[in-house]
Structures are given as C-alpha cells and as structure tokens.
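Participant: Supplied in structure tokens, the structure appears directly below.
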Amino acid sequence: MAENIQTGAHRQQYSSQTKLVALSVHQYLRRLHPSFAEGDIDQETATATGISVRSLHRFKREAKEGCISSPPKKRMRKSPVLSIDTFEEECIRRVITSFYERGEIPTLKNILEQVKEAPISFKGQKSSLYKLMKKLGFRFKKTDKGRHILMEREDIVLTRCTYLRKVKENRDSSNPRPEIYMGETWVSQNECVDKCWTTVEEKLGPKVKSGRGARYIIVHAGGMDGFVPGGLHMFRSKNENKGDYHDSMNHNTFRSWLENNLLPNIPPRSLIIMDNASYHCKVINKAPTQSSRKNEIIEWLERNDLPHSPLHTKPELLHQVKKNKQKEVYEIDDIAMRHGHEVLRLPPYHCQLNPIELIWARVKEDIRKNISNSNQNGLQPSPTPASATPAEPGPRRRGRRHAGDDEVPPVVAGPSGLQPSPTPASATPAEPVPRRRGRRHASDDDVPPVVQYRTSTIASVSGFQWSTRPQTSSKTRVAARNVVHETLGPTHDAQNALSYRECFNLFWNDRMIEEVREWTNAKIRQEAAKYGRVQVTQAPVTMLELKAFIGIHIFAGSQKDNHMSTREMWQVTSSPVYRAVMSVGRFEFLINCLRFDDPDTRVERRATDKFAPIRKIWDIFSDNCRRMYTPSEHLCVDEQLVAFRGRCPFRMYIPLKPAKYGLKIFMLTDNETKYLCAAIPYLGKGTVESVFGENLGHTVIKSLARPYFRSNRNITADNWFMSVPMVTDLLTNCGLPMLGQ
C-alpha cells in the first residue's frame, strides 16, 4: 500500500490495534538491523505496513506518553423529525386509515398534507414520511384486490376443505392414484425481460422487437416424474388482443387434447387435477334454468320421463325440474372415468394449489431470457428437419383484405424473417408450395406457423419474388441513396429564438393569433348582446390575453393536468399559475367563444372539407412545424387517437385504443427527437386525394413525406401502411427507402 500522509483535521484515523502492530514491526526491524539509522527503520516500517512515516512518528509519541487509544466511534445522529411519540404514531395510522374509509387512495403527497396539520404537525418532507411509514409497518406493494375475502366465502371454504381432504385420503391410501396436474398458459412471440443491466442512456440492452408479436397457447400436464411425455399442445391464438388465453381455448380443443395427448400417456388410475375453467366444466345433463324457455323445460321433462302438463306455468315446471334435478356430470369427468381415471377440481381462487403454475412462471422466465439474448425471430415452434418435405402453410385468412395481402408469402423460418429479393419478376419463379383450400377446421391450429423451404426464393400470387435467406452485404460504406445532404436540427429562425416567448411565436405567430382573435371577438360580441350589461368576463379578447389562454393549455399538458376539470385546475390545491393568468369564469367563457374561421362561409367550405372550421390554422401550424426543424435521416409514420367525446362528424371509435373515442391523426415524426414534422387528420373517405390503384396507407405516407422527397431519408411504418407497391413507388419515384413489417 502506497504511503498515505494525512495532515490537519483530515488525517487518517487508526485503531489502537493497528498502532500496536505498526510499533511491533518497527521494533522487529530495529532488532533485525541494529546498524540502521532510526530514519531508515522508520522508512522500512512505513513501506512494510503501508502507514505513513508521519503517522508512525505519532504512534511512537503516543507510546512514549502511554496513551495509545482508538478514535471515538461515530454515533448516528437520531433524526428529530422521526422522533415521535406513540400518540403521534397512532394519529398517523388513523390518517392513513381514514383515506380508505372515505373511499380514497392514500399517497405520500396527500398523507403529507394531512400530517402537517394539527395535532401531528409533522416537520419532515416526503422522504422522512416514507421512512416513518416503513417504521410503522406500512409497505407500498401490490394488493390482492380483495381476493382473500372471496377465498374465505363459506362455499369456497367448503370446496377447499373437500379438495384437501380428498388429496390427503389419496396419499394416505395403500394404493394411491398418481397425481397429474394440468394447466394452460400463454406466451407472446417476442417476450422480453422487464429489467436488465443497461446504461443511463439505455444504449445497451436486449434486442427488443416492436410489439409482443403473435400469442401462443400452451397446454401441458405433469406429475412426480415431470411433464407427461407427448402431452404438450401449443397453438397460435386467434384472439391476440385479449387479456389472457381463456378466449382462445374452447371445449372442443381441450377435449381433443385430453383424448389424444393426455389420457394415452399417463399412468393407469391417475388422479387428474385441473381448475374450474368453463371449457373444463361442460355439463352433459344440464338442467333448465330460469333463463330457459318454456318449451326447453318441457323437452327436458319429457326426455327424463317426468310428469307434467302443458297447462302448467313456467314457475311450476321449474319447480318440477328442481325436485328431480340430478347431480351435474361434466363431460370431461365422464371421458376420464371411461379410461379408468378420476378428475379432481381445484377450489376457486386457489391457483397456488396447482404446482404447474410455478412451472409456467419458470418457463416464461427462461423464454424471456433466451429470446432477449438471441437474434432469432421471436418464439417459434420447432422447425421441420431440412431433409423433410416443406410443411404445408396454413389456410389463407378469410374476410376483409388488407394492403399487400397478395404479396405476403407464408412465414419462413430464419433469423431475420422474410426479405424482398432483388430477383426480377421475369425470372423463373420457385415452385410454389400447395395451399389448402376450403373451410377452416379445428385441426388447422395444429399446423405450425413456421415452415422451411428448400429453394432460395418463393413467388407470391402477384409474381413478386421473396427471398427465404437473410440478405447479407460485404459493403462497409453507406450507400449514396441513404446519405442526407442537409444540416439537421433547428433551422436558422429557430436557432435565433432564445426566450420562451420567441419559441412560442415560432409556432403561434401573430398571423395565427390575429386570425383566431378576430373570429373569437365576433362570437364574444354575439354572446354579449344577450345580456343587458357587459360583464368583465365578457370583454373582447386581446392578442396578449389570447396568447396567455393558449399558454394555459400548453402548461396544463406539461404538468399533466389535462385530465382535471376546469374547476379542479383553479382550486387552491392546484398550481397557482392558472389563477394568476385569468379567472376560471373568463377561461370558461373564452373556451365557449373560441372560433377559428368565418361562420358565414363555413357551411359552403364544409361541404367539401369536414375540417373546414380549423383548416386554415391547422395548415399554418403544420407549415411552421416543417419550417422550424430539419429532421434526421430516420422518420416514422403512425396514427394517434386524440381522446375526444364531443360532437364531430369524423370522430372514431377504436375499442383497442386506451381512449376508445377520439380524432384519428396520421403523423410523421423524427425518430431521434420525436419532433412532429407533418400531420393529417383522418376525415373518412376522401381524407387525401389518391391516385387510382393506391390504398389509403400508400396515399397518406406520400402526402406526409412530400416535403422530403428525394432527401434519401428512411421511413418506418407498421403493417397497416405497408405494401410492396408502396415500397417500390417510394423508393423508385420518391427517393425514400422504407422499413416496416
């Protein structure tokens, strides 16, 4: 250890034991080298122990004085903020409990507001309150949402006791049945780990693919000896946007798996344990219920040879059914019993009693790790051997056709998926793989979605050639068609804007503000004429006030207050900025009177343009966005649903979106900075003028990217926009390469 000389108040502190060891080494070296000078021995001791010469001199002085001691221990100062008595602790517990009694969710922010008041008068902040709440036994964690209450319901407790008793009786018997636990789960094709070691800028990490990809349903069973051989059944889900796998499974699929995969491969006299999913519990002798029709009840009574009269009312017939109703028999239980097995069902809400659920968690964890660290195209079923005949692709999807359906070939196994081949269409096409025709059957789900081809190319219906091998290139230089010859970033006008107001004026210039002010004041005069005396809140709006009005909306978005009502934003507990700019009455009045165009000519313009009331301001704003920034070489096109539930002729309903109702807008953005370069609202049919033969996605991308034609920028879009004709058109006629699914 190098010499470490410390001076003053910051010198190195040593314990008494360390000092004695250093002095012992010094004495040993003096006896070993009696001819050495004292200074040389001090230097040798410092080299051997790693203690500085000055510290060694201090040790010798303390030994001579007889007071070798250790430095005082550092005492942790007790925080006065966290030093509260039991009365204040109970008050804090009561504050947290009162939130739940009022039906509110306690957070650190609103708890802190309560405990700062009397009688607690807490002096700390959020971090101190967090430590204090942990000290009192509170934890911020995921809750079970009342599941424990359901588990203690009387009927479920009875089911749990019955289940546990049957399992114990089976295990204690002289000839116990082998226990087979079965279950289902689902996994996405592009599963990825949620957390991993990466840099602050997240430049390192797993190769995450966009979207979760296809969803696969897995059915399996196992026991003491592991998984049942041949019991795996894996197929692609048809309802990939649902929350779980229960909508993709049905009774026919499960029964087919039970008869063909499970029962032939398990030991005799097995005890099959499963949950209470609906497709596990199809009843054979289902009795009529209150929702059944009268003729259905009569048919059931006749089928069971029970006396009845056509003159009886429905309640009388149901009473007769209730008296003679037999115990329900499940079809799955009947099939298992015919094969010599017994079925035992888990109690509801007790998935923890099924050990296969722990196996599913481990399987998903391994899948996420393996897929995240590989270059493969997500989760794929095992491919057929290379020497085997190529598997036959699944049937074509029926129903509505999408852009590029004719050009998309079947999925091919490979590390990079399918890629267009530069082979011209006139070349000899590869032998097409026969396609099954006709109606889909339940067994079609068993066809693996990944196949292999022995040829290097395949031809689509339109004659386009697709490569079945990943395209590689030995070139190291960037192609000339991918080089952008422009200075990227803010333009000259944007670089000269130094203040917030100047930046605001770049996008909302005086021309736009004056246009909005003119027609808003016209509406204000019309509304003010309805009152005998003009109020302060009904005065005409000025340029400065209108800019402040727009600024309130921008500020609310930056503070994420746009979900709050107007009255909530102007409350004392909210930001004081809103109250400092204008009153809530003035703000609501301006909202009602805000106009963007001439109402006298609106009807005529609206006949040809649904966006007429705001078209002029929209075009100016879009042009300002384009002029103030030069985007990077990578652009992205996608759609966004802006939440809106008011009256609008082009409002859309998309159930898969979080907002569901709103205005759909196509946007072109910069990949690196997320800057908005262009936007087109979707107005229904005729949103943009299209050329014959171009679909909507093709036309929208060309309209958005028109200012960047021949700029060699790359555009990325999802499969809704993609088609082979569009990619060819953009590359050949517009000078824009395309990337998508």
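Participant: Under a straight-distance cross-link criterion of Cα-Cα below 21 Å, which lysines are reachable from Lys282, leaving out those fewer than 8 residues away in the same chain?
Facilitator: In chain and number order, the partners are Lys322, Lys325, Lys327.
Participant: Gain in length, Arg93 to Arg293, computed as 0.36 nm per residue apart minus the alpha-carbon separation, to one decimal in nm?
Facilitator: Extra length available between Arg93 and Arg293 comes to 66.4 nm.
Participant: Can you give the local net charge around Gln290? Use residues other than it whose beta-carbon is closer than 12 angstrom to its beta-carbon, Lys and Arg +1, Asp and Glu -1.
Facilitator: Computed value for this residue: +3.
Participant: Mind grabbing the base-10 log of I(q)/I(0) for region 672-713 at q = 0.26 Å⁻¹? Debye formula, identical points on the C-alpha positions, no solvent, two decimal places.
Facilitator: -1.01
Participant: Here's another thing I want to ask about it. Can you put Glu154, Glu302 in order of accessible area, largest first, using a 1.4 Å probe?
Facilitator: Sorted by accessible area, descending: Glu154, Glu302.
Participant: If I take R0 = 22 Å and measure r between the Cβ atoms of Met543 and Arg602 in this structure, what FRET efficiency does the formula 1/(1 + (r/R0)^6) give, to the nearest 0.05?
Facilitator: Using R0 = 22 Å, I get an efficiency of 0.40.
Participant: Let me ask something else. Pairs to check: Lys530/Lys610; Lys73/Lys126; Lys610/Lys702. Give those whose C-alpha atoms are more than 25 Å from each other in this structure.
Facilitator: Lys530/Lys610; Lys73/Lys126
Participant: Is the shape of region 506-575 best called rounded, prolate or oblate, per the rule: a/c under 1.5 gives rounded, else a/b larger than b/c gives prolate, else oblate, with a ≥ b ≥ c the square roots of the Cα gyration tensor eigenvalues?
Facilitator: oblate
Participant: Just to be sure I follow: if Rg is taken over the C-alpha atoms of region 603-665 and Rh is the Kirkwood radius over the same atoms, what is Rg/Rh?
Facilitator: 1.05
Participant: Please list Glu101, Glu316 from largest to smallest accessible area, probe radius 1.4 Å, with all protein chains kept in place.
Facilitator: Result of the area sort, largest leading: Glu101, Glu316.
Participant: Rounded to the nearest 0.05, what FRET efficiency do Asn482 and Ser703 have when you use their Cβ-Cβ distance and R0 = 22 Å?
Facilitator: 0.45
Participant: Label points 7 Å out from Cα along the Cβ direction at Val577 and Lys282: separation in nm?
Facilitator: Using points 7 Å along Cα→Cβ, the separation is 6.0 nm.
Participant: Between Leu311 and Glu502, what is 0.36 nm times their sequence separation minus the Cα-Cα distance? Round to one decimal in nm.
Facilitator: Result for the pair: 60.1 nm of gain on full extension.
Participant: Here's something else I'd like to know. Using only Cα atoms, locate the centre of region 277-316 and the centre of region 98-115, then give the distance between them in Å, rounded to an integer.
Facilitator: Cα centres, region 277-316 to region 98-115: 53 Å.
Participant: Right, another one. Quick check: residue separation of Met564 and Thr198 times 0.36 nm, minus the Cα distance between them. What number comes out in nm?
Facilitator: Contour length minus Cα-Cα distance gives 128.2 nm.
Participant: Tally Lys and Arg at +1 and Asp and Glu at -1 over the other residues with C-beta under 13 Å from the C-beta of Asp623: what net charge comes out?
Facilitator: +4
Participant: Compute, for Val193, the solvent-accessible surface of its heavy atoms (probe 1.4 Å) with the complete set of protein chains present, and express it in square angstrom to the nearest 10.
Facilitator: Number for this one is 40 Å².
Participant: If I model a spin label at Ala529 and Arg627 as a point 7 Å from the Cα along the Cα→Cβ vector, what separation in nanometres do I get?
Facilitator: According to this spin-label approximation, the distance is 3.6 nm.
Participant: Going from the alpha-carbon gyration tensor of region 228-334, what semi-axes, largest first and in whole Å, does one get by taking the root of 5 times each eigenvalue?
Facilitator: Values for region 228-334, descending: 37, 19, 10 Å.
Participant: Sticking with this one: Can you give the accessible area of Asp225, probe radius 1.4 Å, in Å² rounded to 10?
Facilitator: 150 Å²
Participant: Can you pull a Stokes-Einstein diffusion coefficient for region 546-605 at 37 °C (0.692 mPa s), Rh from Kirkwood over Cα pairs, as a whole number of µm²/s?
Facilitator: 255 µm²/s
Participant: Same structure again: Accessible area of Leu232, 1.4 Å probe, to the nearest 10 Å²?
Facilitator: 90 Å²
Participant: Given the C-alpha centroids of region 549-593 and region 490-538, what is the distance between them in whole angstrom?
Facilitator: 16 Å
Participant: Ignoring ligands, DNA and RNA, please state the percent of accessible area on region 454-602 from carbon and sulfur, probe 1.4 Å.
Facilitator: Carbon-and-sulfur percentage of accessible area, whole number: 55.
Participant: Something else: How large is log10 I(q)/I(0) at q = 0.18, 0.24 Å⁻¹ when the Debye formula is applied to the Cα atoms of region 96-188, each weighted equally and without solvent?
Facilitator: Debye curve over Cα of region 96-188, log10 I(q)/I(0) at q = 0.18, 0.24 Å⁻¹: -0.95, -1.27.
Participant: Net charge within 15 Å of Glu65 by Cβ-Cβ distance, Lys/Arg positive one each and Asp/Glu negative one each, not counting Glu65 itself?
Facilitator: Net charge in that neighbourhood comes out at +4.
Participant: Cα-based Rg of region 494-542 per 2.2 N^0.38 Å, rounded to two decimals?
Facilitator: Compared with the compact-globule rule of thumb, region 494-542 sits at 1.61.
Participant: Right, another one. Any aspartates and glutamates with Cα under 17 Å of the Lys685 Cα? List them, leaving off those in the same chain fewer than 8 positions away.
Facilitator: By straight Cα distance, Lys685 reaches Asp609, Glu639, Glu694.
Participant: In addition: What are the lysines whose alpha-carbon lies under 17 Å from the alpha-carbon of Lys660, with same-chain residues fewer than 8 places away excluded?
Facilitator: Leaving aside lysines fewer than 8 places away in the same chain, those within reach of Lys660 are Lys242.
Participant: Beyond 15 Å, what share of the Cα-Cα pairs of region 296-345 remains, rounded to the nearest whole percent?
Facilitator: Cα-Cα pairs in region 296-345 separated by more than 15 Å: 54 percent.
Participant: Also: Round to the nearest 0.05 the FRET efficiency obtained for Glu328 and Lys685 when R0 = 56 Å and r is the Cβ-Cβ distance.
Facilitator: 0.55
Participant: Ranked from the most accessible area to the least, with a 1.4 Å probe and all protein chains present, what is the order of Tyr531, Tyr675, Tyr578?
Facilitator: Tyr531, Tyr675, Tyr578
The values are calculated or read from the model by the stated rules, or taken from the named source; none is laboratory data. Since the model is a prediction, treat every value here as computed from it, not as a measurement. Note that each Cβ is placed from the backbone with ideal geometry, even for glycine, and that neighbours are counted across all protein chains shown. Side chains included, ligands, DNA and RNA excluded: accessible areas come from the protein's heavy atoms. Shrake-Rupley method; radii C 1.70, N 1.55, O 1.52, S 1.80 Å.
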